[in-house]
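Q: Please see the structure below; I have some questions.
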Amino acid sequence: MSVRVLVVGIGSGDPAHLTGEAVAALNAVDVFLVADKREATRDLVTLRAELCAAVITHGRYRFVEVPDPERGPDAQRGSAAYAEAVRAWHAERARRHAGTITDEVGSEGTVGFLVWGDPSLYDSTLRVVGTIAGQLEASGVEVDLTVVPGLSSVTLLAARHRIALNRVGQPVHITTGRRLVEEYDPALGDVVVMLDGDLACTGLVDAHPDLEIFWGAQLGLADEALVAGRLVEVLPEIRARRDALRQARGWVMDTYLLRPA
Ligand SMILES: C[S@@+](CC[C@H](N)C(=O)[O-])C[C@H]1O[C@@H](n2cnc3c(N)ncnc32)[C@H](O)[C@@H]1O
């Protein structure tokens, strides 16, 4: 038995942001595996289904939900415990996916994983798929993997603000809200922050009062919001916009660039 696996970057949920290569890949899939992330992100599952319905030209594909293992309280863990918890979570997730592929996809089938934005940036799908492939190959199933790039939220952020991510010849540093305050240094150049549940940049205001921020939330979606300016001046507006978006949709995803003045 052999299974073709396509990991497809789908941008933000707007069909106009899919590449031609992604549309062709989506049309080749028999079974899309989606992690069942319970009610919290049901909205995202719906967005993915709508995206497929908009661009797939046949009715032979289906979605199969794979129940996601529960995550522990990450924020309260130290780095070593956090890394171990993530490793265990990935292994269990992979085991569930390999089982579903064996049960649901016949020989010569094509499995699709839809990845928000681009698979190269803060997404565990490729690591999980690597583990799934190892498990399947150990049981005699050959895996043929293709990765199709997508439009990342970082690319969208820069385009919406009509900026380049770096200044001439300078570096760009991409990090998470969790690490920002600890590692921030103006020598890093422009800093892109993702996965920030609580605007960690607030902790930089006193030491770096001249930082500029280019902030974007729900990029590519109907409720997209943008704010730019001196961090210390626009933080209250960003906080208010963020709260309003979360209230209206139930969740908010935002990314921002910090630039030394
Ligand atoms: C798990 S990472 C996935 C990143 C994704 N692979 C990408 O290329 O954009 C999730 C983080 O990406 C950012 N993000 C994803 N979609 C976004 C959107 N539509 N608008 C703003 N930020 C977004 C947020 O920082 C969010 O916390």
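The values are calculated or read from the model by the stated rules, or taken from the named source; none is laboratory data. The structure presented is a predicted model; accordingly, all values stated were derived computationally and were not measured. Ideal geometry is used to build each Cβ from the backbone, glycine not excepted, and the neighbour counts take in all protein chains shown. We work out accessible area using only protein heavy atoms, side chains counted, and drop any ligands, DNA or RNA first. Shrake-Rupley method; radii C 1.70, N 1.55, O 1.52, S 1.80 Å.
Q: For Arg242, which of the numbered conditions (1) assigned to a helix (DSSP H, G or I); (2) open to solvent by 50 Å² or more (accessible area, probe 1.4 Å); (3) of a type in the set (Lys, Arg) fails to hold?
A: Arg242 satisfies every listed condition except (2).
Q: I've got another one for you. For segment 179-228, which residues satisfy the criterion of being more than 16 Å from the ligand (Cβ to nearest atom) and open to solvent by less than 20 Å² (accessible area, probe 1.4 Å)?
A: Gly189, Leu204, Leu211, listed by residue number.
Q: Only one residue in Leu235, Leu219 is on the phi < 0 side of the Ramachandran plot and touching a residue at least 60 places away in the same chain (Cβ under 8 Å). Which one?
A: Only one candidate qualifies: Leu219.
Q: If you check Gly117 against the conditions, is it within 18 Å of the chain's Cα centre (by Cα) and either within 25 Å of Leu51 (Cβ to Cβ) or buried (at least 16 other Cβ atoms within 10 Å of the Cβ) (or both)?
A: Yes: the conditions hold for Gly117.
Q: Hey, Asp123 hits all of (1) under 22 Å from Asp68 (Cβ atoms); (2) open to solvent by less than 20 Å² (accessible area, probe 1.4 Å); (3) within 16 Å of the ligand (Cβ to nearest atom) but one; which does it fall short on?
A: Every condition holds for Asp123 apart from (2).
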